[in-house]
Structures are given as structure tokens and as C-alpha cells.
Amino acid sequence: MRLRNMTSLYLVNDQGILCLFRIGSRVANGKYVGAAGGHFENHEMNDPKACVLREAKEELDLSECEIPDMKLRYITYRLKDGEIRQNFYFFASLPEGRSFESNEGRLEFIPYEKTPALDMPVSARNMLTHYVEIGRYTEHVYAGITEENGTEFRVLKEF
């Protein structure tokens, strides 16, 4: 069984989230995802932050110094097409006064109340629903396993 590692960056403010309607992706074509993200390069396998920062630079021309509060907030697992898909979801404050364009699709600012209607990959949709309802009010890192009936999230605790 293969493992597919992916990252996503969601840029947020008090009103909503910057999302990307991805065009031409082999995994999420014609669906909404984080503003930037993608697959790990070989040298990033143990460093999801390095992957998401590379993707943010490539897709948004966004550097780490512009998102100093970026944090890993969710990790999800899903078995699909003989692969274990492991997703690392990062969140950061949307830089004020900065406009964005992406070479991966169309960026849109989505108010929180409209996020449930977005056409997204199932793990991302379940994660974003949890974030809007619970996660944005906490500082926890959540882990979730996605199955046919949803994703069960638990606080990831160090012990």
C-alpha cells in the first residue's frame, strides 16, 4: 500500500477563508481546497511545514515572513484507491492589504457560513466544517480518520 502525503494552507480572517478552486489538478480538479498546497517532495518527507511553505511560495508568491502565525491545525487520514492519503492542514492569518493570484486556479474569499456548500475533497470538507464550528475557537491540533460516514476528529495530545 502506498502513502500519499499532501499539505494545504488556509488563510483566514474574522469573516472567512481564502480558498482555491483548483483547475488541472490530478487529485482535486474542479474542487475547492486551501489557498496553496500539494504533494511532498522527497526531501520534505519528514517536514510538512517545509512542503507547505514551498507550495505557498510557488502558488501564491507568499513567503514565511508574511505568515508568522502559521500553524499546523489538522492531520487527516483516508484510504482511497489503494493509498493511505495523509493530509497536513495549516492555517494562518490572511495578510491584510495583500492581493493574491494563483497559477493553480481561481482564488476566492469564502465567508465562513458558505463553506459547507463548497465542492471539496471529502477529508478537506470535513476538516473545514470542523474548523468553522470548533477549531477556529481553539489552538488544538486535531487528527482525523475519514470514513464513509464522515471524519472523527480528536485532539492530538502530547504525553
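Couple of notes before you dig in:
- Here, segment 58-106 is characterised by an Rg to Rh ratio of 1.08, where Rg is the alpha-carbon radius of gyration and Rh the Kirkwood radius.
- Computed label-point distance, nm, for sites ARG154 and GLU58 using a 7 Å Cα→Cβ extension: 3.3
- Taking all Cα-Cα distances within segment 1-76, those exceeding 15 Å account for 57%.
- Eligible lysines near LYS114 by straight Cα distance, threshold 17 Å, same-chain separation 8 or greater: LYS31
- Counting only residues at least eight positions apart within a chain, or on another chain, the lysines with an alpha carbon under 26 Å from that of LYS157 are LYS49, LYS71.
- Going by neighbour counts of Cβ atoms within 10 Å, the residues ILE17, ILE23, ILE67 line up, fewest first, as ILE23, ILE67, ILE17.
- In angstrom, the C-alpha Rg and Dmax of segment 65-159 are 14.5, 43.
- Cα extents of segment 2-155 along the three principal axes, largest first (Å): 42, 35, 29
- For segment 1-89, trypsin sites (Lys or Arg not before Pro) are listed when DSSP marks them as loop and at most 12 other Cβ atoms sit within 10 Å of their Cβ; the list is ARG26.
- Exposure proxy order (Cβ contacts within 10 Å, fewest to most) of SER99, SER63, SER93, SER8: SER99, SER63, SER93, SER8
- Rough spin-label spacing in nm, given labels placed 7 Å along Cα→Cβ, for VAL141 and PHE109: 3.1
None of the figures in this text is laboratory data; all of them are computed from the coordinates on show. Since we're looking at a predicted model, the values are computed, not measured. So basically every Cβ, Gly included, is an ideal-geometry build from the backbone, and we count neighbours across all protein chains shown.
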